[in-house]
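Here's the structure, in structure tokens; my notes come after.
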Amino acid sequence: MATAKAYTNIALVKYWGKKDAKLIIPQTDSLSLTLNEFYTTTTVKFNSQLNHDIVKVDERFLDKEDAAKVIHVLNIVRSLSKTNSFAEVTSINNVPTAAGLASSASAFAALAGAASTAAGLHLSRRELSRLARRGSGSATRSIYGGLVEWQKGTDDASSFAKPIDEDVDFPIEMLAVLINTKKKKISSRSGMQLSVSTSPYYKAWQEVVAHDMVAIKRAIKEKDINKIGHIAEENALRMHALTLSADPAFTYFNGETLMIINAVEDLRNHGINCYYTMDAGPNVKIIYDHKDRDKIVTRLTDIIDSDRLVVSQPGPGIKIWNE
Ligand code: 2P0
């Protein structure tokens, strides 16, 4: 039996498309910031008395599709450790209710850490990152803290995350603006697949990412938050252009997303440097220097309730312990 705690991450250069759907090998590299406010704690207990896996998340049983992803990772762990026992998995997400931020990144990173340790495997962080990848692409990066690169690689052995700056010592912050949605969104898994197979801009996107990876690593070295923010914002818009240019076209934005984008641009026009990024949902994440936090929060509370704003700092890598 083992427990792991992993923090979610937000991509500054996005992963949006797979080369190999079975092994989750991405089309491009990506780079993210691990956050300290959103995390998952997962306990895995292998038990020879069980006749099937039991998976409970936030005190509820998962639906079939989500449970299958967890069991897929457990099967890989069983095969690596030559264990036959089924497991009991209990997972708690530390994410504000109805945030739409419940993240497969922290969830599958924590699962990889807890399941492999409970099965007696002693995986390196690189190996953990590869195992987390088998559950969900973005989880590859949540093994490490701070700024993290997922090198796309070409196969299972070469597709893993690497820390770029684990102990971020410059004042970058991220404000999550939680936007509620009633509409069931297109999963990132099918959204990215549709983008790869139908967007005429997909090839251009691969070139954009190759360029942005070089530029953002340089900006990180220079600790230049404005440059990092600008690259992240442009990259996010170009990722979302893949959804708008797919067939059928779709978008994760809603009216509130656009309202927050406008507010960020307005802040910038007033000399306050801040930048936005969005993922496979309507929430907006704002990147800025800590010193500007109060001004940004004050402006946003004119248009949105303060309980929908969550400030995060760079967060740590995975922690694993035997029970
Ligand atoms: C990212 N996202 O880089 C991108 C940007 C959302 C937008 O990774 O199919 O849940 O499990 O590998 O990791 C969300 O997709 O997809 C994601 P799978 P995942 O963070």
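Here are a few things to note about the model shown:
- Residues in the stretch 1-49 that are among the polar types (S, T, N, Q) and within 9 Å of the ligand (Cβ to nearest atom): N9, S30, S32.
- Of note, Y144 does not satisfy the criterion of being in contact (Cβ under 8 Å) with a residue 60 or more places away in the chain and more than 22 Å from Y7 (Cβ to Cβ).
- Any hit, the stretch 155-163, residues being within 30 Å of R293 (Cα to Cα) and more than 14 Å from the chain's Cα centre (by Cα): yes
- Residue count, the stretch 112-165 (criterion: of a type in the set (V, I, T) and buried (at least 21 other Cβ atoms within 10 Å of the Cβ)): 4
- Odd one out for L178 among (1) in contact with an Asp or Glu (Cβ under 8 Å, 6 or more places away or on another chain); (2) more than 21 Å from V73 (Cβ to Cβ); (3) buried (at least 18 other Cβ atoms within 10 Å of the Cβ): (1)
- Test result for T298, closer than 20 Å to S138 by Cβ and polar (S, T, N, Q): no
- Yes/no for R78 being crowded, with 17+ Cβ neighbours inside 10 Å and not hydroxyl-bearing (S, T, Y): yes
- Criterion: within 16 Å of the ligand (Cβ to nearest atom), among the acidic types (D, E) and touching a residue at least 12 places away in the same chain (Cβ under 8 Å) - qualifying residue of D156, D165: D156
- Selected residue [of a type outside the set (S, T, Y) and in contact with a His (Cβ under 9 Å, 6 or more places away or on another chain)] from A219, A241, A139, A215: A219
- Some residue of the stretch 43-66 being touching a residue at least 24 places away in the same chain (Cβ under 8 Å), hydroxyl-bearing (S, T, Y) and closer than 28 Å to W150 by Cβ: yes
- Extreme residue, nearest to F250 (Cα to Cα), among residues of the stretch 185-205 that are within 16 Å of the ligand (Cβ to nearest atom) and among the polar types (S, T, N, Q): S195
- A single entry from R189, R218 fulfils the requirement of being without any contact (Cβ under 8 Å) to a residue 24 or more places away in the chain and within 15 Å of the chain's Cα centre (by Cα): R189.
- Residue count for the stretch 8-44 satisfying the condition of being surrounded by 15 or more Cβ atoms within 10 Å (Cβ to Cβ) and part of a strand (DSSP E or B): 25.
- In the set V208, V214, only one residue is touching a helix residue (DSSP H, G or I) at 6+ places or on another chain (Cβ under 9 Å) and either within 15 Å of the ligand (Cβ to nearest atom) or not assigned by TED's automatic domain parsing to the domain that holds P26 (or both); that residue is V208.
Residue by residue, here is whether (1) assigned to a helix (DSSP H, G or I); (2) hydroxyl-bearing (S, T, Y); (3) at pLDDT 95 or above; (4) in contact with an Asp or Glu (Cβ under 6 Å, 6 or more places away or on another chain) holds:
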| site | (1), (2), (3), (4) |
| --- | --- |
| F46 | no, no, yes, no |
| Q49 | no, no, yes, no |
| H52 | no, no, yes, no |
| V55 | no, no, yes, no |
| E65 | yes, no, no, no |
| K69 | yes, no, yes, no |
| T90 | no, yes, yes, no |
| T97 | no, yes, no, no |
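The values are calculated or read from the model by the stated rules, or taken from the named source; none is laboratory data. Bear in mind that the values here come from a model prediction, so they are computed numbers and not experimental data. Heads up, the Cβs are rebuilt from the backbone with ideal geometry, glycines too, and the neighbour counts pull from every protein chain shown.
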